[in-house]
1. Taking the DSSP beta bridges in the chain as the whole, what percent of them are antiparallel, to the nearest 5?
2. What does the highest-first list of 57-66, 197-206, 296-305 look like by mean Cβ count within 10 Å?
3. I want the antiparallel fraction of DSSP beta bridges within segment 465-643, as a percent rounded to 5.
4. Please work out which option in [x] 200; [y] 214; [z] 142 gives volume of the Cα convex hull per residue in Å³ calculated from these coordinates, and answer with its label.
5. Quickly rank 527-536, 116-125, 427-436 as a protection proxy: mean count of other C-beta atoms within 10 Å, highest first.
6. If I model a spin label at residue 57 and residue 287 as a point 7 Å from the Cα along the Cα→Cβ vector, what separation in nanometres do I get?
7. Residues of segment 1-29 with backbone nitrogen within less than 18 Å of a virtual label 7 Å along the Cα-to-Cβ line of residue 253, please, listed as ranges.
8. Over segment 465-643, what is the mean sequence separation of C-alpha contacts under 8 Å (at least six apart), divided by residue count, expressed as relative contact order in percent?
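Laboratory data are not the source of any read-out in this text; all were calculated from the coordinates shown. Being a predicted model, the structure only gives us computed values, none of them experimental. All Cβ positions, glycine included, derive from the backbone under ideal geometry; neighbour counts span all protein chains shown.
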């Protein structure tokens with residue numbers, strides 16, 4: 001059988017299981033990454049396991065989300081992560097160094113290796129030919145402790161790229177085009193693998209932009225081959241020895257195929273409030289813009305910011321527009337300073353922000369009330385910017401810079417001749433923001449501030465689960481909906497009790513009170529429940545509030561895994577029309593959930609209020625069932641490690 005690139009890497013890392021789509025497999029973990037928004041939980045979980053050493057080749061802890069220090073909370077989290085990193089021999093990236101995905105691409109990503117990260121945009125490194133998967137924090141902690149990661153063997157969707165991009169069309173337009181075609185559910189249970197002669201027309205960071213937003217498709221990950229473009233980038237980063245050629249076999253087998261001619265793509269935008277609500281910019285005339293932000297892990301590379309600087313050189317930001325620039329790494333910022341591009345940006349009237357995620361996760365730069373914000377970011381969910389009434393449009397750096405000058409959303413084609421940016425033959429490779437460990441120091445002190453609270457741990461699954469239906473939600477509920485993330489809440493990511501009072505706050509402010517009144521209960525959801533960020537807080541907070549099971553039409557991959565890891569039972573309706581006959585406030589019971597799961601039976605949910613039964617199913621592996629029976633992955637893994 002002719003092998004695709006995805007299965008070549010999976011085969012090389014396979015520890016257990018059958019490489020058949022849908023079957024659970026265990027793979028060797030080469031690298032892990034965390035960021036501070038999810039990292040405190042990861043390292044609290046690692047500490048709780050009581051391990052003495054890590055099983056990965058490399059683990060890196062980045063500080064890039066909660067960098068705004070308006071109180072002690074964020075600084076305390078940073079110190080906690082730094083001291084844990086020293087204890088276990090983890091590389092520590094200080095605040096100001098940059099965004100984890102851009103930094104990992106520059107410094108550590110390697111073709112053919114595996115990477116799991118507690119951030120949904122970890123697939124960014126798939127642009128390097130790496131099998132990079134975003135997952136929940138507990139999976140990362142377990143990956144570090146055991147060197148293993150478990151997942152369902154994915155289907156592989158091949159997107160064959162042909163031709164070349166037109167002038168003023170960029171990689172951001174490519175992935176927006178794909179999102180329009182496939183939707184936010186189009187990649188669920190799949191790896192998206194790119195091939196074709198069009199690949200050679202894309203730089204390494206172009207490829208990383210595309211794999212980054214593969215997360216918005218719901219894909220397990222996305223991957224490009226490793227070729228001469230990859231070698232050139234690694235050589236420029238002084239890492240040529242990390243390169244190896246990797247590609248699918250000629251006429252490789254794929255589960256699905258799509259062909260896209262790059263020449264067919266025009267400048268595009270994702271309109272509010274979903275990354276797949278995509279349209280051609282030419283179809284949206286006269287949209288006045290209040291704010292433009294260029295950066296994030298999607299579009300903060302050297303090439304992206306140099307293109308923006310070239311467009312803005314000698315021009316002025318429109319008087320009604322606030323333009324912010326957040327470089328992806330300290331080395332990119334240094335290069336912009338050294339070559340004069342930073343001066344051009346400042347002269348045009350741009351605000352230079354810290355090298356961090358910043359406004360992408362609502363950490364500053366919230367738009368004005370009812371404002372229009374153009375962002376080169378990856379998500380435009382309602383309220384994610386910090387202003388619920390704002391409309392956020394996702395665009396390319398070219399469109400963003402052109403629109404910042406105009407004051408209106410405009411097609412960059414109107415600027416005239418395209419601007420070509422040459423990739424540097426040598427990047428700045430300073431590493432003074434990194435703290436590299438001198439081996440593990442298991443006796444070193446871990447410092448925990450007063451805002452760091454214990455995370456909730458579930459009990460073994462009881463025979464029967466019963467309670468009120470606490471909340472009924474619609475389709476495409478995001479983890480931002482379940483556990484909002486903004487500048488007010490991010491400092492409390494280590495404090496689950498405090499966060500619990502804001503769960504589902506944008507949908508129902510009284511959700512947490514109902515949980516307290518009824519001692520927890522159930523949640524009912526529609527299609528693609530839990531899409532978006534990998535944040536396991538969207539499972540840990542419901543666990544703290546006593547949520548026993550979540551029943552939906554369908555789940556997003558990472559959130560479902562996080563529910564299992566927390567010991568919350570994720571069930572799917574056998575007949576999705578049954579969704580209509582369950583209402584908030586109904587009394588529900590799962591009579592023998594323990595036996596039904598163990599035996600693989602259809603699971604009957606009895607609605608005591610309405611007097612009828614509804615058939616549900618659990619879709620997962622035997623190992624998933626064992627985890628649920630144990631009351632979550634921490635209990636399950638700790639007992640396994642103790643046996644070893």
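1. Here the antiparallel bridges make up roughly 35 percent for the chain.
2. Put in order of decreasing packing, that is 296-305, 57-66, 197-206.
3. Around 50 percent antiparallel, to the nearest 5.
4. Only one listed value fits the structure, namely [z].
5. Sorting 527-536, 116-125, 427-436 by mean packing, highest first, produces 116-125, 527-536, 427-436.
6. Placing both labels 7 Å beyond Cα along the Cβ direction yields 4.3 nm.
7. 1-14, 17-25
8. Normalised by residue count, the contact order of segment 465-643 is 22 percent.
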